[in-house]
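What follows is one structure encoded as structure tokens, with my remarks underneath.
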Amino acid sequence: MNFRLEFTPKPFDKKIAHEHKLFLAGSCFTEQIGSKLAAHKFRIIDNPNGILFNPVSIARSLISYIDNKVYSESELFYNNELWGSWEHHTRFSSTRKEVSLNRINDSQHAAHQFLKEADWLLLTLGSAFVYELENGRVVANCHKVPTDKFKKKLLSADEVITTLDGLIYRLKKFNPSLKIIFTISPVRHLRDGFVENNRSKATLINAVHHMVDKFEGLYYFPAYELIIDDLRDYRFFAEDMVHPNYAATGYVWEKFIKACIDESSQELMKEIHVMNAARHHKAFNPASEAHKKFLQTNFAKAKKLAEEHEYLDLSEELAYFSHS
């Protein structure tokens with residue numbers, strides 16, 4: 001007897017290849033997928049503004065990369081003895097204004113250059129709730145500022161659609177060959193409330209499918225549905241009961257590979273996985289002849305991979321295995 005209905009996402013008609021460049025932006029789930037892509041030697045840039053949840057902040061960040069925006073000191077604020085930006089995650093904050101500003105603008109420049117050449121953009125929307133300052137400006141991160149300093153608002157589907165529509169227009173004009181994958185984060189924002197979280201996710205799903213239906217080169221990967229409707233069990237969540245755990249993320253990753261990554265890259269990923277395992281192998285006796293032979297063998301394998309696939313950066317692996 002089956003106690004669960006498995007969901008298999010429909011394969012994309014165009015798929016990600018190892019030689020492609022991937023730009024990722026959005027919620028913390030984006031970073032989990034991004035770390036797996038990076039481990040398999042895909043060329044990525046991941047969340048240049050840090051983790052972002054709402055579509056307004058995600059769209060604003062991407063447009064700032066298109067414009068190659070340079071932030072000024074006047075756009076920073078001081079709170080809890082730190083300088084920060086309402087558009088950025090706290091990892092850009094610093095006790096020194098110039099340090100924070102340099103971190104932000106260095107990231108901006110790198111994002112502009114990468115987005116111009118990117119083949120794929122993976123956007124993960126987390127919540128349709130936004131927090132506004134007194135002037136009505138939506139912030140990307142509240143930086144632990146007391147909640148009474150913000151107005152909390154649930155965006156309507158029309159507001160999200162308008163935001164995304166403007167973003168897609170700018171992206172397509174900036175990089176006409178860019179293909180875009182939308183996902184909805186399976187992380188449940190239960191601090192908003194159970195009912196409110198579902199309203200938020202429904203708003204995002206409705207808006208995203210409107211965009212995918214409207215534009216060519218846009219895709220939807222159902223990460224949210226895989227967790228909520230396929231696995232649908234608390235054993236696949238972390239102790240906080242809102243974040244998918246390692247097993248759940250691994251399950252989504254396996255589905256992502258089959259639906260979104262081409263067959264030749266899947267085979268290459270298997271080789272890289274074996275090499276990663278060898279790279280993290282802990283030798284019982286590093287001075288032994290057996291370990292030296294192990295390093296030499298894997299150095300030869302890594303060198304062969306690098307020669308066959310010039311877009312792979314295996315410099316760290318080659319340096320590690322060369323110590324024989």
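Report whether or not residue 74 is in a helix (DSSP H, G or I), more than 18 Å from residue 185 (Cα to Cα), polar (S, T, N, Q) and open to solvent by 30 Å² or more (accessible area, probe 1.4 Å). Yes.
Here residue 316 clears all of (1) under 21 Å from residue 16 (Cβ atoms); (2) open to solvent by 90 Å² or more (accessible area, probe 1.4 Å); (3) of a type in the set (D, E, K, R); (4) assigned to a helix (DSSP H, G or I) except the condition numbered (1).
Could you tell me whether any residue of the range 6-17 is in contact with a Leu (Cβ under 6 Å, 6 or more places away or on another chain) and either under 30 Å from residue 308 (Cβ atoms) or modelled with pLDDT of 95 or more (or both)? No.
Please verify whether residue 254 is among the charged types (D, E, K, R), over 24 Å from the mean Cα position of the chain (by Cα) and open to solvent by 20 Å² or more (accessible area, probe 1.4 Å), treating the condition exactly as stated. The answer is no for residue 254.
Does residue 75 qualify as being on the phi < 0 side of the Ramachandran plot and either without any contact (Cβ under 8 Å) to a residue 40 or more places away in the chain or more than 21 Å from the chain's Cα centre (by Cα) (or both)? So residue 75 fits the description; yes. The strands (runs of 3 or more DSSP E) found wholly in the range 106-163 and carrying at least 3 residues that are under 18 Å from the mean Cα position of the chain (by Cα) occupy 120-125.
The residues in the range 238-253 that are within 15 Å of residue 185 (Cβ to Cβ), of a type in the set (A, V, I, L, M, F, W, C) and either in contact with a strand residue (DSSP E or B) (Cβ under 6 Å, 6 or more places away or on another chain) or in a helix (DSSP H, G or I) (or both) can be counted, and the count is 3.
Residues of the range 266-302 that are open to solvent by 40 Å² or more (accessible area, probe 1.4 Å) and within 29 Å of the chain's Cα centre (by Cα): 266, 267, 270, 271, 273, 274, 277, 279, 280, 281. I'm trying to understand the selection: among the residues of the range 146-167, which are touching a residue at least 40 places away in the same chain (Cβ under 8 Å), over 21 Å from residue 133 (Cα atoms) and surrounded by fewer than 17 Cβ atoms within 10 Å (Cβ to Cβ)? Within the range 146-167, 157, 165, 166 meet the criteria.
Within the range 44-63, at least one residue is at pLDDT 95 or above, in a helix (DSSP H, G or I) and open to solvent by 40 Å² or more (accessible area, probe 1.4 Å). For the range 221-237, residues that are outside any helix (DSSP H, G or I) and either under 14 Å from residue 190 (Cα atoms) or open to solvent by 40 Å² or more (accessible area, probe 1.4 Å) (or both) total 3.
Conditions tested, residue by residue: (1) touching a residue at least 24 places away in the same chain (Cβ under 8 Å); (2) out of contact with any Lys or Arg (no Cβ under 8 Å at 6 or more places or on another chain).
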site: 38; (1), (2): no, yes
site: 55; (1), (2): yes, yes
site: 58; (1), (2): yes, yes
site: 86; (1), (2): yes, no
site: 94; (1), (2): no, no
site: 99; (1), (2): no, yes
site: 106; (1), (2): no, yes
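Checked against the criterion of being of a type in the set (S, T, N, Q), more than 25 Å from residue 195 (Cβ to Cβ) and touching a helix residue (DSSP H, G or I) at 6+ places or on another chain (Cβ under 8 Å), the candidates 105, 175 yield just one match: 175. Of the listed requirements (1) under 22 Å from residue 187 (Cβ atoms); (2) open to solvent by less than 20 Å² (accessible area, probe 1.4 Å); (3) out of contact with any helix residue (DSSP H, G or I) (no Cβ under 9 Å at 6 or more places or on another chain), residue 118 misses just one: (1).
When the range 254-292 is filtered for residues that are assigned to a helix (DSSP H, G or I), of a type in the set (D, E, K, R), more than 19 Å from residue 19 (Cβ to Cβ) and without any contact (Cβ under 8 Å) to a residue 12 or more places away in the chain, the ones remaining, listed by number, are 254, 289.
Is it fair to say residue 30 is in contact with a His (Cβ under 8 Å, 6 or more places away or on another chain) and among the hydroxyl-bearing types (Ser, Thr, Tyr)? So residue 30 fails the test.
The values are calculated or read from the model by the stated rules, or taken from the named source; none is laboratory data. This is a predicted model, so every value here is computed, not measured. Ideal geometry is used to build each Cβ from the backbone, glycine not excepted, and the neighbour counts take in all protein chains shown. These accessible areas exclude ligands, DNA and RNA; they are computed on the full protein's heavy atoms, side chains included. Shrake-Rupley method; radii C 1.70, N 1.55, O 1.52, S 1.80 Å.
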